[in-house]
Amino acid sequence: ETAKPAGTTPLEEEKLRQLGQWCESKTLQLIAEVSPLLDALDAWDPKQKLYSHSTSSAAIHLIRHYEGSIPQRKFIVKDEEVSWRLREFVANEGLRNILRCVGPTCRDLMAPLYFLAIHSAYNEQTLREMWLSDYWIDPVLGALILIMHPYKTRAGTIQPRSWVLTDDGLHPATVLAFIERWTKRLRDVCPPAIANDLFLYLPRNRTETDCV
């Protein structure tokens, strides 16, 4: 007789507390590290004459040149269609911060995803498949309310969640807005079928044809 697979074992309270603390600290760290890069990217003036590159200008030029699908460093520095200033910048500075301007990796999104899972009680699949149109902010009785209601595939239902907005740096609305902002440029180059997905990320293997 074939043994039935064991069910999922819930985390012990202490381990769940530790996971929550890790998600909070990593999410705050991400916001602190990435937000200044995105600020610089948004503020960059394309009409500015370039005598040297910054992370933001390099990211803009590489996104445009490679249509969002930025290859590995070794290919860029040998690409003679890329300006020598940009190739020199990539050779000296690397791609880590440039790629962080473009969008997150799957690993980057793990802490925010599980942070939202802990606070919403949604499972991983429900959050991973969530659309931008699955959450919004509404005024209710003089307060602003974050409303989430993604479709739960396995249950075949919609189970709404809501929170009163506050200025907490780790409010679910703050985390959602950060992820949406960070993935903004990926939406311009990704396949239309996934452009409304919240959790977009750069592939680990950047030699693939799919850029998101």
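Quick look at the values:
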quantity: Counted residues, segment 195-207 - those being assigned to a loop (DSSP other than H, G, I, E, B) and modelled with pLDDT of 55 or more; calculated: 9
quantity: Subset of segment 35-51 (residues that are modelled with pLDDT of 80 or more and aliphatic (A, V, I, L, M)); calculated: LEU37, LEU38, ALA40, LEU41, ALA43
quantity: Lone unmet requirement of (1) of a type outside the set (S, T, N, Q); (2) open to solvent by 30 Å² or more (accessible area, probe 1.4 Å); (3) in a helix (DSSP H, G or I) for ALA155; calculated: (3)
quantity: Filter result for ALA177 (part of a loop (DSSP other than H, G, I, E, B) and either out of contact with any helix residue (DSSP H, G or I) (no Cβ under 7 Å at 6 or more places or on another chain) or closer than 30 Å to LYS74 by Cα (or both)); calculated: no
quantity: Segment 63-97, subset touching a residue at least 40 places away in the same chain (Cβ under 8 Å) and outside any loop (DSSP other than H, G, I, E, B), residue farthest from the chain's Cα centre (by Cα); calculated: ILE63
quantity: Only listed residue being closer than 18 Å to LYS26 by Cα, open to solvent by 60 Å² or more (accessible area, probe 1.4 Å) and at pLDDT below 95, chosen from ASP168, ASP188, ASP210; calculated: ASP168
quantity: So ILE118, is it of a type outside the set (Asp, Glu), in contact with a helix residue (DSSP H, G or I) (Cβ under 7 Å, 6 or more places away or on another chain), open to solvent by 50 Å² or more (accessible area, probe 1.4 Å) and in a strand (DSSP E or B); calculated: no
quantity: Where LEU144 falls short, out of the listed (1) open to solvent by less than 40 Å² (accessible area, probe 1.4 Å); (2) without any contact (Cβ under 8 Å) to a residue 24 or more places away in the chain; calculated: (1)
quantity: Residue satisfying all of: in segment 121-141; among the hydroxyl-bearing types (Ser, Thr, Tyr) and in a helix (DSSP H, G or I); most open to solvent (accessible area, probe 1.4 Å) among these; calculated: SER133
quantity: Close pairs (7 angstrom Cβ cut-off, 6 or more residues apart or separate chains): more than 14 Å from ILE147 (Cα to Cα) in segment 160-172, at pLDDT 90 or above and open to solvent by 60 Å² or more (accessible area, probe 1.4 Å) anywhere; calculated: GLY169/LEU28; LEU170/GLU24; LEU170/LEU28
quantity: Test for LEU30: is it under 24 Å from LEU113 (Cβ atoms) and either open to solvent by less than 40 Å² (accessible area, probe 1.4 Å) or at pLDDT below 85 (or both); calculated: yes
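The values are calculated or read from the model by the stated rules, or taken from the named source; none is laboratory data. The model shown is predicted, which means the values in this text are computed figures rather than measured ones. No Cβ is skipped: glycine too gets one built from the backbone with ideal geometry, and neighbour counts run over all protein chains shown. Note: areas computed on protein heavy atoms with side chains; ligands, DNA, RNA excluded. Shrake-Rupley method; radii C 1.70, N 1.55, O 1.52, S 1.80 Å.
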